[in-house]
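Notes follow the structure.
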Amino acid sequence: MESGMRSLLSDNSRYVESFRLFLRNSTEHQCMQNFIENKLADIVCSIGNGKTAINVLGVGSGSGEIDLQMLSKIHDRYPGVSIHNNIIEPSPEQILSYKERVFKTPGLDHITFHWNKKTSAEFEAQVKAEKQETKYDFIHMIQMLYYVKDVPATLTFFRSLLAAHGKLLIILVSGKSGWSTLWKKYGSLLPLNDLCLYITAGDIADMLQSLGAKHQVYDLQSDMDITECFVDGDRNGELLLDFLTETCDFKKTAPTDLRDDIIQELRKSGCSSMRDGKIIFNNNLSVIVVESEQA
Ligand SMILES: C[S@@+](CC[C@H](N)C(=O)[O-])C[C@H]1O[C@@H](n2cnc3c(N)ncnc32)[C@H](O)[C@@H]1O
């Protein structure tokens, strides 16, 4: 790895800015919303049976847009039941956006929100040190497992927090997405470090298999318009390139050969296709629903 390159996550405001731009340029949240609309009711249909309160844990919730939609589906299924929503999110900017969203959204009186400004590893250490015994009926980790150091241990820990009939929902890029093509070819040349792993849902499914964890996989089709990445000097294009490579200021800090190779690769059919004069990156995702050990 070239020493000039550093992980995008080491600059939190640039990370949040490029993530927001990625959301604007992709169907990432729309395809999650469709999934929530059409499939989540079935997934959560027995998580709260016989309970007076449902415990939800969001890990790496960001600004909470997807969280609130899932909470609404849980409420539809269990209208008279209160929800305790615990959130683990290390970014102060994201926590602030989440709080603003809750403040602006009517009809959330049945939910209590508790934000923990922590990484998942810090939360795990706290739970263990305090010997906390809280069990959760629904845990989600949406597009965040790239950022943990030990993925199998994290999966094992959070699964152990599930109540009987509880569900752990994970979303990551699909093993058949443009991300997977890009990372397989160039991941080892990018600033892979403690802060970011180039893993896909395919890797997670393999890990769950070896952990003996019962799970189901759903594929979601999603696109990302990366046309701006090919316009010289375009700031949005530069931020999108940062997000694609998880590298801070990729265009300026990457060695010239690597930069040119990646920019060329992004146009190729393993990553993208042309549509209406635009270059559309394959942002396909997978949802993995893991059963409780006590199911
Ligand atoms: C790609 S964003 C996804 C946000 C949200 N789940 C969504 O899909 O819109 C990843 C989130 O994980 C958070 N994050 C990064 N490292 C983390 C860690 N070690 N533990 C928990 N969350 C983390 C980031 O701050 C960010 O909000």
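The values are calculated or read from the model by the stated rules, or taken from the named source; none is laboratory data. No experiment lies behind these values; they were computed from the predicted model shown. Counting neighbours? That spans all protein chains shown, and the Cβs are built from the backbone with ideal geometry, glycine included. Accessible surface is based on the protein model in full, side chains and every heavy atom, while ligands, DNA and RNA are left aside. Shrake-Rupley method; radii C 1.70, N 1.55, O 1.52, S 1.80 Å.
Could you work out how far the C-alpha centroid of region 197-267 sits from that of region 131-169, in angstrom?
24 Å
Quick one: length gained pulling E293 to K104 fully straight, 0.36 nm per residue minus the C-alpha distance?
Gain in length upon complete extension: 64.3 nm.
Could you work out the local net charge near Y198, counting Lys and Arg as +1, Asp and Glu as -1, over the other residues with Cβ closer than 10 Å to its Cβ?
Around Y198, the surrounding residues sum to -1.
Just from its helices, what would the mean residue ellipticity at 222 nm be for the chain, if runs of 4 or more DSSP H residues each count -39500 (n - 2.57) and the sum is divided by every residue, rounded to the nearest 500 deg cm²/dmol? Write out the running numbers ahead of the final one.
Working: 11 runs with 115 residues, N = 295.
Result for the chain: -11500 deg cm²/dmol, rounded to the nearest 500.
So what's the angle, to the nearest 10 degrees on a 0 to 90 scale, between helix 256-267 and the longest Cα principal axis of the chain?
Helix 256-267 sits roughly 60 degrees off the main axis of the chain.
Using the Karplus equation 6.51 cos²θ - 1.76 cosθ + 1.60 (θ = phi - 60°), what ³J(HN,Hα) coupling, rounded to whole Hz, does each residue of region 6-14 give in order, writing x for Gly and Pro?
Each residue of region 6-14 in turn: 9, 4, 4, 5, 6, 10, 4, 6, 5 Hz.
Can you give me the solvent accessible area of T52 with a 1.4 Å probe, rounded to the nearest 10 Å²?
Accessible area of T52: about 120 Å².
Kindly list the residues of region 127-147 that lie in the label zone of T156, defined by a backbone N under 18 Å from the point 7 Å along the Cα-to-C-beta vector.
127-129
Between S269 and N38, what is 0.36 nm times their sequence separation minus the Cα-Cα distance? Round to one decimal in nm. Present the calculation step by step, with values, prior to reporting the outcome.
Details: separation 231, 0.36 × 231 = 83.16 nm, distance 3.02 nm.
Result: 80.1 nm gained on full extension.
May I ask you to derive the relative contact order of region 204-295, considering only C-alpha pairs under 8 Å and at least 6 residues apart, and to give it as an integer percent?
Worked out over region 204-295, it gives 43 percent.
Between T112 and Q30, take the C-beta separation as r, use R0 = 25 Å, and let me know the FRET efficiency to the nearest 0.05.
0.30
Can you give the accessible area of L189, probe radius 1.4 Å, in Å² rounded to 10?
80 Å²
Can you compute the modelled spin-label distance between K184 and V217, with each label point 7 Å from Cα toward Cβ, in nm?
Taking the two extended label points, one gets 1.3 nm.
What does the charge dipole of region 127-239 about its Cα centre add up to, to the nearest 20 debye, if the Cβ of each Lys and Arg holds +1 and the Cβ of each Asp and Glu holds -1?
Details: 11 positive and 14 negative charges, 131 e Å.
In debye, rounded to 20, region 127-239 gives about 640.
Quote the FRET efficiency, to the nearest 0.05, computed for E122 versus S72 with a Förster distance R0 of 25 Å and r equal to the Cβ-Cβ distance. Please list the in-between numbers first.
Details: r = 29 Å, r/R0 = 1.15.
It comes out at approximately 0.30.
Putting +1 on Lys and Arg Cβ atoms and -1 on Asp and Glu Cβ atoms, find which of A41, Q143, P90 reaches farthest to the positive end of the dipole of the chain.
Looking along the dipole axis, the top candidate is A41.
What residues from region 262-295 fall in the zone where the backbone N is under 16 Å from a label point 7 Å along the Cα-to-C-beta line of D206?
Answer for this model: none.
How far is helix 235-245 tilted off the main Cα axis of the chain, in degrees rounded to 10, range 0 to 90?
With both axes taken from Cα atoms, the answer is about 70 degrees.
Can you tell me which lysines have their Cα less than 27 Å from the Cα of K51? Leave out same-chain residues fewer than eight positions away.
In chain and number order, the partners are K39, K73, K99, K128, K131, K135, K167, K214.
Which aspartates and glutamates have a Cα less than 19 Å from the Cα of K176, not counting those fewer than 8 places away in the same chain?
E28, D203, D206, D219, D223, D225, E246, E265
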